[in-house]
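Every number here is computed from the coordinates shown, using simple stated rules; none is lab data. Note that the structure is a prediction, hence the values are computed from the model and not measured. In this analysis, Cβ positions are derived from the backbone assuming ideal geometry, glycine residues included, and neighbour counts consider all displayed protein chains.
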Amino acid sequence: MLLTSLLVGGGSPAKAADQLIVRLDGFSLPIDIGQLEAWSRDPGSRGNDLGVWFELLDPRSREDLRRLLLTPILEERDLALQLIQSWAGRQVVEEMGALLSTDQSGSGPLLVNTLRGLLQRPEPVTPLSLLRAVPTPRLTLEVDEVLKLAQQWRRQVELQGQALRQLRQLRLPLTATPSTARVPALQPTGAVPMPRLLELAVTHRPDPLKIELWEAVGPARGTYLLVMPGLGSSGAQLNWLARGLAERGYPVLLIDDPSSDEHVVRQLLDGQRPPPGAETLPARLADVEAVLKAEQVGRLPPLGSSAVLLGHSLGGLSALMAGGARPVAGLDQRCKQAMRGIPLNNLSRLLQCQLPEVPLPKVGSGDGRDPVAAVVSFNPFGSLLWPGRGLDRLNGTPLLMVGGGLDLVTPPVGEQLELFLQQHNPRSRLVMVEGGSHFSVVRLGDDNPALLQLGEELVGVEPHQVQELLLNLTADFLGSLDGSAVLASQQRLQGTVRAYVLDREAARHWHRRLDG
């Protein structure tokens, strides 16, 4: 067949799969794939032994199974090809080899090649066509492993629910702020100037780095912020934060990463390029170093004597690394253990485990650049990068770390709480937003529509209220850096959204309750 020729490069075609062994609870059930295919196309046909067994199912379950077998699973072919050819996509599909295996070694790569071949043909790709196309006489479906994956996902959701219930029981004083459920759109006002667009020539990029400068309203506070969006986001989606901090007297520099912004995601969705990943980190770190030095030597307007690095998701990881943290030795081994199975309950591990293949620059010496006064990291990750006391490499820099109770991309207990416990600076704080998600900080306007439509479980509840709450908490944290009162441990209520602000002792108390 044509597909097999594509896979093996000519020669005698390999025999396509004709038997599927389904393993469940220690039992093995052989299924003839030809009969399965015939039943799915004509459930009422006679002489099909499978049809007799399927009659034992209730009518709705039979129809669901039939629809599952015949429904195209990858309709956006160009996008699917780019995804499976990316580093993260290859890891996921190859790990599927533990779920759908053959009698020969290397089931994962075989599935990758089979899927790639199918996507290059005009026919729809369905579960049945995938089963039929794998060049092996017999396939084994490990239903127990599939159920285990589903249980891991469900367990992660349950654990986060339990963690929030334990957090609510901490005795933290309540502070309420006025409701801002209807936050005004990002329109320039008389009090806030339009941001200035600057360009900075850098040696590590072919084109000048585009920087958005929001100048402080009124007297500047002596500290400015360098803000970095997450993977697939742009600075425009964090304008609400830049404007709010500028109104409070902090100059803000917003920088985009042209190799991983929303335009790149649009190209991905159009099937024109693979998804960006951890390979973009070296350039992001070089951006930070270049901007800090440029401000110090006068290539950018003078903004202050020190800088605060702020980022979301991969931008938050960039902020931590630009502040001095680097992965602790042994990441390869930790990743081998963590990547045994598809990491559905912590998708950030796909990025963390790509880092061993990424040449990270050395930590800057600090010569010719403004000192880093603090790091603010929204929905960051790094449990595999910094086990134990790896974040000590921030050298006591104050840290504000923010997580969301609905975040299933960077789960808050493993990716924020346990990292925060390594912090010893008395001004560092952990913020956990009840109802917040991984994408709560991203604001989309009419001129910046969403590329993907996400449900509440991914967007989170009342994102504008969450954003106003985080703006106020960030400003309070920044205000504590000049020697004034530290941000107190508390519950902070913004409209209907509640956040928990924890110092190290409160975070340790929460962690002990989880262990108990």
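With a cut-off of 19 Å on the backbone N, the residues of the stretch 325-362 near the modelled label site 7 Å out from Arg154 along Cα-Cβ are 342-346. Highest-first packing order for the peptide set 461-467, 39-45 is 461-467, 39-45, based on the mean count of other beta carbon atoms within 10 Å.
If we count every other residue with Cβ under 11 angstrom of Asp503's Cβ, Lys/Arg +1 and Asp/Glu -1, where does the sum land? The partial results should precede the final answer.
Values: positive: Arg427, Arg429, Arg504, Arg508; negative: Glu505.
Within the 11 Å Cβ shell, the charges total +3.
Starting from the Cα-Cα distance between Ala38 and Val146, subtract it from 0.36 nm times their residue separation and give me the gain in nm to one decimal. Before the final figure, lay out the partial values.
Numbers: separation 108, 0.36 × 108 = 38.88 nm, distance 2.49 nm.
Gain in length upon complete extension: 36.4 nm.
The calculated P(r) of the stretch 457-508, using every Cα pair and 10 Å bins from 0, goes 23, 46, 28, 3 in percent. Taking 0.36 nm per residue of separation and subtracting the current Cα-Cα distance, fully stretching the chain between Ser45 and Gln19 would add 7.4 nm. Sorting the segments 399-410, 109-120, 25-36, 424-435 by their residues' average number of neighbouring beta-carbon atoms within 10 angstrom, most packed first, yields 399-410, 424-435, 109-120, 25-36. Taking Cβ atoms as reference points and 13 Å as the exclusive limit, the residues near Phe381 contribute a net charge of -2, counting Lys and Arg as +1 and Asp and Glu as -1.
In this calculation the C-beta distance from Ser259 to Asp58 is compared with R0 = 30 Å, giving a FRET efficiency of 0.05. With the simple model of a label 7 Å out from the Cα in the direction of the Cβ, Leu444 to Leu493 spans 3.1 nm.
In which sequence would Tyr224, Tyr250 go, from the one with the fewest C-beta neighbours within 10 Å to the one with the most? Can you show the working numbers first?
Working: Tyr224 29, Tyr250 26.
Fewest-to-most Cβ neighbours within 10 Å comes out as Tyr250, Tyr224.
On full extension of the chain, what length is gained from Lys336 through Ser306, given 0.36 nm per residue of separation minus the C-alpha to C-alpha distance? Full-extension gain reported as 6.8 nm.
Count Lys and Arg as plus one, Asp and Glu as minus one, and take only other residues whose Cβ is under 15 Å from that of Arg393; the net charge is then +2. Please sort by residue number the trypsin sites (Lys or Arg not before Pro) in the stretch 467-516 whose DSSP state is loop and whose Cβ has at most 11 other Cβ atoms within 10 Å. Sites meeting the loop and neighbour criteria: none at all.
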